[in-house]
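One structure is given below, encoded as structure tokens.
Bear in mind that the values in this text are calculations on the coordinates, not laboratory data. Nothing here was measured: the structure is a model prediction, and the numbers come from that model. So basically every Cβ, Gly included, is an ideal-geometry build from the backbone, and we count neighbours across all protein chains shown.
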Amino acid sequence: MRYNSFSILLVLLILLVGMGTFSCSAASETLTGTEEEITTAYGNQVNPVISGNYVIWQDQRGGNWDIYVYDLSSGRAEAAIFSDSKDEMEPAISGNRVVISSDRRGNSDIYLYDLASGKETQITSDKSDQTEPAISGDRIVWTDRRNQNMDIYIYDLASSTEKRITADKSDQTQPAISGNIIVWKDTRNDNDDIYMYDINTGKETAVVTDPAEQAKPAIEGNYIIWEDRRAGNLDLYLYDLSTRQEKVVTTDPSPQKTPAISDGRIVWADGRIKGTNIFTYDIATGQEKVVSTASEYESNPSISGNRIVWQDKRKGTMDIFMFTESAPEKEPEAEAEKAETAAKSSLGIYPAVSAILAAYLVATVTQRRRGKN
């Protein structure tokens, strides 16, 4: 039986596809490290945040919402830092400073707690509600209802001054801050968009105004991340302030939500496996990895360095879990040289394609010689 060169090429391609040489998309790798449970108390523990050695969360064990801290450096001790009979909620942290909203005076105000000194400070005193605090260094931002709608305000601890950031009659909520930049969700265009404010210049700018819904912004340095519904489901988008470029981080049809960012890495709750699980993405490498799939109810992650925390319902109530990433292994010299050789090859990292082309050329030459005979 005779086979022409095209037949040989086709057979080789089929074999390679069957062996998995070609793939349209690769499954996410699993992050290497160890997972541990931070809380085991009765009731729900939710909304964890982490900075360095401190894990902070909102805790219901006393019958109302209190704020607890877990110190990873001092014998892993747990302690309540806000624990009166009223509700303390929505913790945020920067270094040794924790901010929360509390309704101890009959409305929600913003309070600060210094973990180093143990000192508590009331930041707002207006009779309307102040909620959703965020902090970066000496600056605290929050959502404020004192003008009959929701605006963004800032308090500078260094100068002890308060300032209104937004004045539009629509609602501005979900503030986040990093250095001199504040970001928030804005409804001035009759849908949810993301806006930003530069403290140094006093300039307000729209980050994204797509007709679909954008929400839950987070920021670190030059990177702004948010939830985006423009594809019909929740995906994550990234905006680089240095290049003014927008990038899609996730495109899976299942929802990706509640992003957080630290040290150039993003974490979020992802619905593609079972329920919602925790994923991470490295902006520099573009690599996505799975952090945890141990439960169907993992959400609200936060990240600091090589540690990721989240709330988890695997035991019936919400607890706080933490994942500590292992230090990356060094690539052996032989493997590094092999990778470098492959990169310099005329066919790069496609040895399978090289084999197909070689077989195709041999078959073609053989066919032509037979034709001449």
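Sorting 114-127, 178-191, 87-100 by average packing, meaning the other beta carbons within 10 Å per residue, from highest down gives 87-100, 178-191, 114-127.
I need the shape label for region 204-272. Rule: rounded when a/c is under 1.5, else prolate if a/b > b/c, else oblate, with a, b, c from the alpha carbon gyration tensor. Verdict is oblate for region 204-272.
Label separation (D71 vs K127): 4.1 nm, computed from points 7 Å beyond Cα along the C-beta direction. Placing +1 on each Lys and Arg Cβ and -1 on each Asp and Glu Cβ, with no other charges, gives region 189-303 a dipole about its Cα centre of roughly 240 debye.
Between rounded, prolate and oblate, where does region 57-125 land on the alpha carbon gyration tensor, with a ≥ b ≥ c its root eigenvalues, rounded for a/c under 1.5, else prolate if a/b exceeds b/c? Oblate, since a/c reaches 1.5 and b/c is not below a/b.
Calculated FRET efficiency, K169 to T243, Cβ-Cβ distance, R0 = 35 Å: about 0.60 to the nearest 0.05. Other residues lying with their Cβ under 12 Å from the Cβ of I135 contribute a combined charge of -3, Lys and Arg counting +1, Asp and Glu -1.
Using Cβ point charges alone (K and R +1, D and E -1), the dipole size of region 238-307 about the Cα centre works out to roughly 40 debye. Shown is the FRET efficiency for T34 and A80, computed with R0 = 22 Å from the Cβ-Cβ distance and rounded to the nearest 0.05: 0.25. Length available on full extension from A294 to D198: 0.36 nm per residue minus the Cα-Cα distance, which gives 30.5 nm. Among 50-56, 102-108, sorting by the average number of other beta carbon atoms lying within 10 angstrom of each residue, highest first, gives 50-56, 102-108. Between N64 and I273, how many nm apart are label points set 7 Å from Cα along the C-beta direction? With each label placed 7 Å out from Cα toward Cβ, I get 3.9 nm.
For region 258-322, the antiparallel share of DSSP beta bridges with both residues in that region comes to about 95%.
The orientation-averaged projection of the convex hull spanning the C-alpha atoms of region 259-299 amounts to 2.7 square nanometres.
Per-residue packing, averaged as other Cβ atoms within 10 Å, sorts the ranges 320-326, 307-313, 28-34 into the order 307-313, 320-326, 28-34, beginning with the highest. How would you classify region 99-237 from its alpha-carbon gyration tensor, with a ≥ b ≥ c the square roots of the eigenvalues: rounded for a/c under 1.5, else prolate if a/b is greater than b/c, otherwise oblate? Prolate, since a/c reaches 1.5 and a/b exceeds b/c.
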